Structure formats: structure tokens, C-alpha cells
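Everything below concerns the one structure shown next.
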Amino acid sequence: MSTSVLKTTMASALVVAATSFGTLVADTASNGAEAAQPGKGVTVRPMGVGRPDHQIIYEALFIGLEKLGYTVGEMQIGTYPTIHLSLGQGDADFTAVHWDGLHLAYYDKSGGDKTLQRLGPMYEKAGQGYYVDKKTADKLKVTNIKQMEDASVRKMFDADGDGKANLTGCNPGWGCEKVIEHHMDAYKMRDKVNHDKGQYFALMADTITRFKEGKPIFYYTWSPNWIGAVLRPGQDVVQLSVPFTALPGERKAKDTSLPDGSNPGFAANNNFVLANKEFAEKNPAAAKFFKMFRFPLGELSAAMLRMNEEGKEPAKLKQIAADWVKANQAKFDGWVAAAAK
């Protein structure tokens, strides 16, 4: 073979090799990108109750889901019982706010472990309870809800003049509403206390106004929540005990008393992302991300307080969530990377 022919043959071989290598690199990069986005082509259907404080959690979850390649569908809205039923029936894929304990009856009635899967917990030991303003509590030495039997105590918290104390309570359909209603019977408070139900945060806005005017207040709240930063336990308000544990349904044997001898009347709850079981099994990346996702109580309460101070517009909620993700970027990216595998 002549030298010129040999050079031409070698040059052709090098071109073919380079082309093949380039194709291999491109294919590898493409496969790597697809591997990093296992949710590509899948639309996830979230469902919630429509509360802006909850939306902060959803927006943070959406960031992770989109990094995994998922398309996030339009948010469906319903009450807690409806959300659980919809997830159990496969009409929605996940909800970000499922309290294990408070929502147990809804979970069981929607198929339980057969149709649903708890992933997390996102945060743990969320507390609840009854509170009154500290000024009135100190003046009358009020420490227990049972003291509402005393007409002189009731009168202080009687906002509408009907002879009963007014308790700012929970929306109909919330798990806390069921517990409060159960308490009204268990502690024989029906003719002593009005459980004011409606839109909780609208009712609490009025309660906070009353407090700022120097009037007595009596209300229910929970954590995480911005309420605790406005009405500060131990400084502005004090938590009341109940005379004994009294929970409805499957949790009736649960003891709500605390080591210090107090009893808030509500069990501490862990909060999970709740998913339709079939969706979780078909989308292990999403399920893994939900399982690893953590939004600690203190950080979530701080985010909710910022929302209350700066605004509840969709763009603002997205920004608050994005800022939280940025503040926890390394940890958040670790969850996404682990889920992508």
C-alpha cells in the first residue's frame, strides 16, 4: 500500500472514530439528563384546602418535582375529608398537609394503607391547644378550660353578651373542629362556651384586634402558624389545660397529658405528604423526594409569619418558598439527587 493511500485510510478511520465517540458522548449525556429527570412526561396532580400558608409548602415541593422532570398540574381544592377521598380514589396524586392523628378518621375512611401512602414526616410534634390572654389569666388565675363553669370567668370572655364564653375555633370539616366539638360534650361545656366556627383566619383577625384593644380573648390555635409570633405564648397569652384526655373515635385511648402535668387536650401530630398509593408506586422518584422532604416547624412558622407581614399573593408565596429552598440549597439538592436515582 502506498504512503498516500495509507494516510487517507488512517484519516478516514480517525474521522469515523471521532464521529462514533461524539455520538457516544452525546448519547451518554442524553441518557444522564433523562436519568436525572425520571418524572419527564408525567403530570402530578396536587390537592389542598386553598390556604396560602399551606401554599408555601406546596411551592417548595413543586420546585423539587420540576427539577425531577415532573409537570405540576393545577391545584385542586377541597375540604380535608374530600382530599383524602380524592386521593384514595385516584382523582388526585398528593396533598402536602396530612396530620397523622388529627386526620386518622379521614385516612381510614378513604382506604387507609390499601389506597394511600404517608411519606415523610415533613415535620414532627406539632402542638395544638386553647389559649387566653395572659392579663385576664393572671387576674382570675385561669389555668383550665373547666373554669369556664364560673360565671365571673365566662363573663370576661363573653363577646356577644349571651352569657357564654366565646371560643375562636376551627372551620367545619377540619380535624380540630371535630376534637373541639367532642370536648364541648366531654367537659360539659355546651351551655358555657360558644364554639365560634367559620373562616378561622378571619375570626382570628378579629380576635387579635380585640387583644390589641385590651379586651380578653379565648381561642384555639396550633403550630406551625404565624399566630404564635403575634400572640406570644408566655408573654401575651397562656395555654389552658383540660380536665382530662378526651379524643374522638380511634384515638380515644391516646393520652394527651404532658410530663409537666399539664394537658392541652390535643395530641401532638406528625405531618406527612400523603400520596395515592398507586401514584407513589409508579413514581418512585416523587415518592422518594416526598419521603425525604423536611420543613422544620420553626422555619415553617417563620415563613408563614413573613407571608402574613408581606402579603399572600401567588408571586409572594413562590418567592418565600424559593428563598427557603435557597437557604437550604445543599440539603434540598441532596434530596433531589437521591430521588433522581
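The values are calculated or read from the model by the stated rules, or taken from the named source; none is laboratory data. Fair warning: this is a prediction, and the values are worked out from it, not measured in the lab. Positions of Cβ are backbone-derived with ideal geometry, glycine not excepted, and every protein chain shown enters the neighbour counts.
Quick notes
- Residue list for region 255-275, filter: farther than 14 Å from Met122 by Cβ and out of contact with any Ser or Thr (no Cβ under 7 Å at 6 or more places or on another chain): Leu258, Pro259, Asp260, Gly261, Ala268
- Verdict on Leu231 being touching a residue at least 40 places away in the same chain (Cβ under 8 Å), crowded, with 19+ Cβ neighbours inside 10 Å and either over 20 Å from Phe157 (Cβ atoms) or touching a Leu at 6+ places or on another chain (Cβ under 7 Å) (or both): no
- Filtered residues of region 265-282 (kept if surrounded by fewer than 23 Cβ atoms within 10 Å (Cβ to Cβ) and either more than 22 Å from Pro224 (Cα to Cα) or free of Cβ contacts under 8 Å to residues at least 40 places away in the same chain (or both)): Lys277, Glu278, Phe279, Ala280, Glu281, Lys282
- Condition met for Arg294 (in a helix (DSSP H, G or I), of a type outside the set (Ser, Thr, Tyr), out of contact with any Cys (no Cβ under 7 Å at 6 or more places or on another chain) and under 19 Å from Asp53 (Cβ atoms)): no
- Screening Asp150 on (1) of a type in the set (D, E, K, R); (2) modelled with pLDDT under 95; (3) surrounded by fewer than 18 Cβ atoms within 10 Å (Cβ to Cβ) shows it passes everything except condition (2).
- Annotation note: of Pro243, Pro224, the sole residue that is over 21 Å from Asn144 (Cβ atoms), in the same structural domain as Val142 (by TED's automatic domain parsing) and touching a residue at least 24 places away in the same chain (Cβ under 8 Å) is Pro224.
- Of all the residues in region 69-90, those that are surrounded by 15 or more Cβ atoms within 10 Å (Cβ to Cβ), assigned to a loop (DSSP other than H, G, I, E, B) and more than 18 Å from the chain's Cα centre (by Cα) number 2.
- Single residue of region 285-312 satisfying the filter (over 25 Å from Trp99 (Cβ atoms) and in contact with a helix residue (DSSP H, G or I) (Cβ under 9 Å, 6 or more places away or on another chain)) that is surrounded by the most Cβ atoms within 10 Å (Cβ to Cβ): Ala285
- Of all residues in region 280-289, none satisfies being among the aliphatic types (A, V, I, L, M), more than 18 Å from His84 (Cα to Cα) and either at pLDDT below 95 or not in a helix (DSSP H, G or I) (or both).
- Scanning region 42-77 for residues that are among the small types (Gly, Ala, Ser) and touching a Ser or Thr at 6+ places or on another chain (Cβ under 9 Å) yields a count of 2.
- Enumeration of residues in region 102-120 that are in a loop (DSSP other than H, G, I, E, B) and either buried (at least 20 other Cβ atoms within 10 Å of the Cβ) or under 13 Å from the mean Cα position of the chain (by Cα) (or both): Leu102, His103, Ser110
- Residues of region 121-130 classified as surrounded by 19 or more Cβ atoms within 10 Å (Cβ to Cβ) and either in contact with an Asp or Glu (Cβ under 9 Å, 6 or more places away or on another chain) or over 23 Å from Thr168 (Cα atoms) (or both), total: 3
To keep it simple, each residue is scored yes or no on (1) small (Gly, Ala, Ser); (2) under 29 Å from Leu119 (Cα atoms); (3) under 21 Å from the mean Cα position of the chain (by Cα).
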position: Ile208; (1), (2), (3): no, no, no
position: Gly228; (1), (2), (3): yes, yes, yes
position: Leu247; (1), (2), (3): no, yes, no
position: Phe266; (1), (2), (3): no, yes, yes
